[in-house]
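Enquirer: Quick one: this structure, given as structure tokens, is what I'll be asking you about.
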Amino acid sequence: MDIRKLTVEQLSSMLKNKEISSYELTKEYLEYAKNSDEKIGAYLRFCEETAVDGAKKADEKIARGESSSLTGIPYGLKDNICTKGEITSCASKMLENFVPPYDAFVYNKLNEEGAVMLGKTNMDEFAMGSTNENSAFKIVHNPRDLSRVPGGSSGGSAAAVASNEAPFALGSDTGGSIRQPAAFCGVVGMKPTYGSVSRNGLVAFASSLDQIGPLTKTVKDSAIVLNAIAGHDKLDSTSVDREPGNLSEDIGKDVKGMKIALPKEYFGEGIGEDVKSAVLNAAKVYEKMGAVVEEVSIPTMKYALPAYYVISSAEASSNLSRFDGVRYGYRSKNYEDITELYKNTRSEGFGSEVKRRIMLGCFALSSGYYDAYYKKALQVRTLIMRDFNNIFKDYSCILSPVAPTAAYKLNEKTSDPLEMYMGDIYTVPVNIAGIPALSMPCGEDKDGMPVGMQLLGKAFDEKTLYRLGFAFERETGAYHLNK
């Protein structure tokens with residue numbers, strides 16, 4: 001038995017039954033990941049001392065009979081989630097040696113559960129990108145084909161799970177950054193409802209869109225992890241004060257009679273035939289299980305991508321203005337006055353993609369253009385939310401592709417940022433509306449690369465998505481096909 005291929009659920013059972021210790025499990029993952037990651041690049045750094053110490057504490061907790069579903073389970077943490085005493089670099093030269101003075105809310109929640117952090121996973125710089133080629137330190141390779149991208153910006157977290165370098169990982173999703181790499185690598189990714197998981201300790205990209213979520217091997221594992229990290233945080237003004245409940249309580253129930261919407265706009269021009277075929281076949285699987293699948297329309301979808309890039313870039317330009325070389329982070333050595341310090345620090349510390357989005361955001365917020373761009377984008381956001389709410393009056397969820405294609409070759413789209421941005425067309429409406437979406441494998445393209453579908457639900461209804469996702473996984477053996 002290859003223990004690294006087991007799910008969180010299976011490993012948790014073994015730990016509780018004393019078939020293995022967390023210390024043994026953690027050492028096994030660390031040893032394997034250090035060797036395997038030389039060719040994949042999923043981790044920026046391993047936190048071995050922290051991991052071993054955490055594993056020993058987890059074993060003590062298990063011995064006392066105080067364990068939970070995640071006690072003793074190793075995981076990877078995206079490098080834009082703060083960890084006190086451990087570098088959090090956002091894969092940027094700007095924060096290359098930054099050690100946060102506090103822990104993120106989700107990291108504290110996992111520590112309380114007794115989960116064991118193996119290391120910080122690679123990402124696109126400041127979470128800006130769709131391929132994980134924008135990391136300032138090294139690129140990530142897709143474990144299914146090392147010549148292809150893993151997706152981004154949480155490509156390191158997705159690759160770590162897909163390559164069995166971690167049973168689960170946390171990522172962040174601003175416009176698809178959990179779901180798209182999950183689809184490209186053949187794993188499960190959940191972008192939760194905005195406000196259901198605290199952003200306290202997440203280095204901000206676009207504050208009204210960012211959301212932390214899990215990447216796992218199975219739908220059940222995703223529910224287990226989200227149960228652990230969801231909850232109200234009084235230190236986050238956008239954290240919603242509501243009891244999340246047990247998100248896995250509907251897993252295993254049938255889907256007979258449930259209504260699923262299939263938006264016609266998601267299957268028009270630009271989608272690859274292999275992707276279209278795989279997602280439509282998934283719709284047939286649901287019909288076979290007794291669900292009702294009907295075509296609907298989302299008229300405002302064509303405006304989602306431009307609205308997203310205006311909103312996200314505007315918020316990024318505001319959030320990243322704090323990196324000025326004065327208090328923390330990188331500081332240029334070449335300057336004569338404060339203006340030159342700002343200019344040289346940012347020119348040398350930020351990569352090209354981050355600069356591109358800062359410039360776009362500054363333009364959208366500048367005098368004379370604010371009303372024409374940013375204000376208009378916010379109005380479009382309201383219309384998109386209205387369209388989704390209207391659909392959820394009659395349907396349990398929306399079924400759609402995650403990306404127009406499966407994972408493409410490294411360097412294939414780096415010369416054309418606009419073409420790369422178009423790859424986010426199916427994911428960004430979810431962040432604009434603040435609703436949850438579950439990405440999971442539903443087939444393969446002609447080259448044998450994973451194709452992902454996503455299930456979109458109404459706000460705070462993750463458990464319905466898990467019910468539908470688990471039913472599909474059980475019916476098709478989706479996880480077992482990817483092992």
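Enquirer: Given the conditions (1) part of a helix (DSSP H, G or I); (2) in contact (Cβ under 8 Å) with a residue 12 or more places away in the chain; (3) at negative phi, and given that residue 123 satisfies all but one, which numbered condition is not satisfied?
Expert: Failing condition for residue 123: (1).
Enquirer: Looking only at the stretch 269-307, count how many residues are within 23 Å of residue 253 (Cα to Cα), assigned to a loop (DSSP other than H, G, I, E, B) and of a type in the set (A, V, I, L, M).
Expert: Initial filter on the stretch 269-307 (within 23 Å of residue 253 (Cα to Cα)): 279-294.
Within this subset, residues satisfying the condition of being assigned to a loop (DSSP other than H, G, I, E, B) are 289-291.
Still in the running and of a type in the set (A, V, I, L, M): 289, 291.
Here the count works out to 2.
Enquirer: Is the stretch 433-454 home to any residue that is farther than 15 Å from residue 272 by Cβ, open to solvent by 10 Å² or more (accessible area, probe 1.4 Å) and out of contact with any helix residue (DSSP H, G or I) (no Cβ under 9 Å at 6 or more places or on another chain)?
Expert: No.
Enquirer: Only one residue in 54, 41 is surrounded by fewer than 24 Cβ atoms within 10 Å (Cβ to Cβ) and within 15 Å of residue 162 (Cα to Cα). Which one? Don't jump to the end; show me each part of the working.
Expert: Numbers: 54 fails: within 15 Å of residue 162 (Cα to Cα).
Result: 41 is the single residue among 54, 41 that is surrounded by fewer than 24 Cβ atoms within 10 Å (Cβ to Cβ) and within 15 Å of residue 162 (Cα to Cα).
Enquirer: Exactly one of (1) crowded, with 24+ Cβ neighbours inside 10 Å; (2) on the phi < 0 side of the Ramachandran plot is unmet by residue 151. Its number?
Expert: Here residue 151 clears every test but (2).
Enquirer: Checking the conditions here, which among 146, 170 is aliphatic (A, V, I, L, M) and either at pLDDT below 95 or open to solvent by less than 10 Å² (accessible area, probe 1.4 Å) (or both)?
Expert: On inspection, the qualifying residue turns out to be 170.
Enquirer: Condition (residue is open to solvent by 10 Å² or more (accessible area, probe 1.4 Å), within 23 Å of the chain's Cα centre (by Cα) and in contact (Cβ under 8 Å) with a residue 60 or more places away in the chain) applied to the stretch 20-36: is it met by at least one residue?
Expert: yes
Yes or no, residue by residue, for (1) assigned to a helix (DSSP H, G or I); (2) aliphatic (A, V, I, L, M):
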site: 1; (1), (2): no, yes
site: 4; (1), (2): yes, no
site: 9; (1), (2): yes, no
site: 13; (1), (2): yes, no
site: 23; (1), (2): yes, no
site: 27; (1), (2): yes, no
site: 30; (1), (2): yes, yes
site: 35; (1), (2): yes, no
site: 38; (1), (2): yes, no
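Condition check ((1) in a loop (DSSP other than H, G, I, E, B); (2) modelled with pLDDT of 95 or more; (3) open to solvent by 10 Å² or more (accessible area, probe 1.4 Å); (4) not small (Gly, Ala, Ser)) across all residues:
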residue	(1), (2), (3), (4)
61	no, yes, yes, yes
69	yes, yes, yes, no
76	no, yes, no, no
102	yes, yes, yes, yes
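The values are calculated or read from the model by the stated rules, or taken from the named source; none is laboratory data. Keep in mind that this is a model prediction, so the values were computed, not measured. Counting neighbours? That spans all protein chains shown, and the Cβs are built from the backbone with ideal geometry, glycine included. Accessible surface is based on the protein model in full, side chains and every heavy atom, while ligands, DNA and RNA are left aside. Shrake-Rupley method; radii C 1.70, N 1.55, O 1.52, S 1.80 Å.
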